[in-house]
Each structure stands twice: as structure tokens, then as C-alpha cells.
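Shown next, in C-alpha cells, is the structure this report addresses.
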Amino acid sequence: MRWLEDGLPAAVAAALREVAPELGDQPIAMRPARVEEDPEWWLASAVAGERFVVKFAWSEPAALRLAHEIAVLEALEIPFLPEVVASSTDPLLLVTALEPGQALFDVVDSLDRDEVGRQLAEFLGALHDPGAARRVEGELGRLPPASLQPASTDVLRDRFARWIRAEQRSAVRRWCDWADDVLATPRPGVLVHGDLHGGNQVWAEGRLSVVVDFETAGLAEPEYDLRLFPGTGPGVELLTATLRHYTAHPLDPERIMAWHLRTVLGDALWRSEAGVPLPDHRTPDEWVDDLTNRFAALGIAP
């Protein structure tokens, strides 16, 4: 496997000429990438000729994640996958067709939540089907756990309190104890996307066009894939709509919220410690208020 020397346009263009010579003369527009010191995240994408997405890596840890995504996409046969135009591990490159549309984050307020939930349940039902895992295992061998794991409750108990109001701290500790109890008995794993947030979904005219970024796909319980839904759009409507339509496995809302708790507080923690603004530019204590409201809306009392 040969990854790129750096993430600069010249290196991307040279790799594209090797992997897909017919696209080699297309103009390349680099997409903004988060600057990270950790080589695990030295991975980005560009748009070639306004028609193709080119995904690449320039470190070994990031390259392994992209190679994993290529293998997953080659094996899967389910709806809403990106159209793979070309792929290679020498040099490492994934080229997919650019789907017109917008991220769910940008349009969720204008969409019918029940219809969005129905389509997401269709995607998840196909992905979580045992046959999907078997096909990917046939390509990769034994499936690894989903690689994007949220912060542990021990970490949250130890380091999160300083970022919130004093009167919130006992509730957060109680929530962590509750999450430990809820998740104490593991459930059988299915193939999960692993990072199914609104930015990894493309929607056009009220329809789900494509789900992207399968680099963290792996084994986890099905509830793990819904852990980001309670924070997408107003209230918990997207989650409850998806639960109404999802029929692949019995789902436990408490397990979803236990994963959601760990993910949300973990995200707020690392961003706060790193001096990185939260995605909505609010504060960790406001995120804790949101969690309180979500638990209440679902009738869950942790």
C-alpha cells in the first residue's frame, strides 16, 4: 500500500493520473480539511472536474482507514452507497461520483422528519442485515469493532466537570453511572457505519441520495449507529421517526441514549480541552442542558 507524500493538490493530481488516467486532466478543488497533529487524521478529499470526489491519505494510520473503506464499499450491495468510479491501494485513492445535494445538517429543518426517518431506517436495515456483515467479512476477514469509539464514562467523570456549571455535575455523574448499567451487557454486533452524522448524508429534494465515509465501519450493536440521531434537528424527532420505521432488529432507546451521552459529552470534552469551538459555537453546559431535554422528551429518567 502506497499513500501520498502529502495532502497538496500536486500529489493528489499525480495519484489521480495513475489511478484514473481519463480524469487526470480534470481541475482539482481541494475541500477544507481540519488541521490535525495526529497522523490518524491525515486524510481528506477533493473534487475533480466538479463531478468526482477524490479521497486520499498521507500517513499510514489514515491510509489504513481509507483502505478499509475501499474494501467495505467493494463488498457491500445495499442502497444509498456512493458510486465508486475508481479505487487503488498503490497509490491509495478512492474516486466516487459526486452526488448533488446537501448535508442533512443543512436541510433537516425543512424536511418531513417521518420521511427522513423512513429512508434512514431503510439504509440502516440493509446495512445491519447479517448478510451485509458476511459480505464484508468475505472481503476483509474478521470484522474489527467500529473504530470511532466515544469517551469512556471514567474519562467523563474525571475530566468533564470543570467545563460545566456546578449544579450540573451531580447529574452528569449520575448519567455516567446509568450509562454503565445500561451498556453492562453487550449485544450481538452487526455491521455499522460508525459515524452516521448529518454531514455524512447527502439529501436532494427530500430524498436520501448517498451515505459517505465508511472508514470507521465495523462491528457494534445496532443502537450504536443511531447514537447521533437525537442531536440532529430539533428535539428528538429524527430518532423517534427512525425507530418507528426500523424493523431489522429490536432497538432499545435507552441504549441509544447511553451511547449518545458518551458521544456528546466526549465530543464537548476533547474540543474544550483542545481549545476547539463546539460545532454550534455554544458551551458544554448548554450541551448538558440539551441532554436533559432529550432525556425528558423520550421519557427516560437516568
### Query
For the chain, modelled as a GNM with alpha-carbon contacts under 10 angstrom, which of L156, L261, L291 fluctuates the most?
L156
#### Entry: Summed side-chain charge close to H197 - residues other than H197 whose Cβ falls under 11 Å, Lys, Arg +1, Asp, Glu -1
-3
### Query
Which whole-angstrom value gives the distance between the alpha carbon centres of the range 236-282 and the range 43-81?
25 Å
### Query
Using a simple charge model, +1 on the beta-carbon of Lys and Arg, -1 on the beta-carbon of Asp and Glu, nothing else, what dipole does the chain show about its Cα centre, in debye to the nearest 20?
580 debye
### Query
Gaussian network model of the chain, Cα springs within a sub-10 Å range: biggest mean-square fluctuation belongs to which of I70, I164, I256?
I164
### Query
With point charges of +1 on the Cβ of Lys and Arg and -1 on the Cβ of Asp and Glu, referenced to the Cα centre of the range 102-297, which listed residue (L196, V288, V212) lies farthest in the positive direction of the dipole?
V288
### Task
Starting with the highest mean, order 21-32, 110-121 by the number of other Cβ atoms within 10 Å, averaged over the residues of each peptide.
110-121, 21-32
### Task
Using +1 at the Cβ of each Lys and Arg and -1 at the Cβ of each Asp and Glu in the range 9-97, identify which of M30, A62, V95 lies farthest towards the dipole's positive end.
M30
### Task
Identify the GluC sites (Glu not before Pro) of the range 190-236 meeting these criteria: DSSP loop state and at most 12 other C-beta atoms within 10 Å of the C-beta.
E205
### Summary
In whole percents, the bins of 10 Å from zero upward hold the Cα-Cα pairs of the chain as 6, 26, 33, 25, 9, 1, 0
### Query
What is the set of long-range amide H partners of L191 at a cut-off below 5 Å, with H atoms built 1.01 Å from backbone N?
A133
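The numbers here are math on the coordinates, done by the rules we state, and not lab data. Because the structure is a prediction, the values reported are computed rather than measured. A quick note on method: Cβ atoms are made from the backbone with ideal geometry, for glycine too, and the neighbour counts reach across all protein chains shown.
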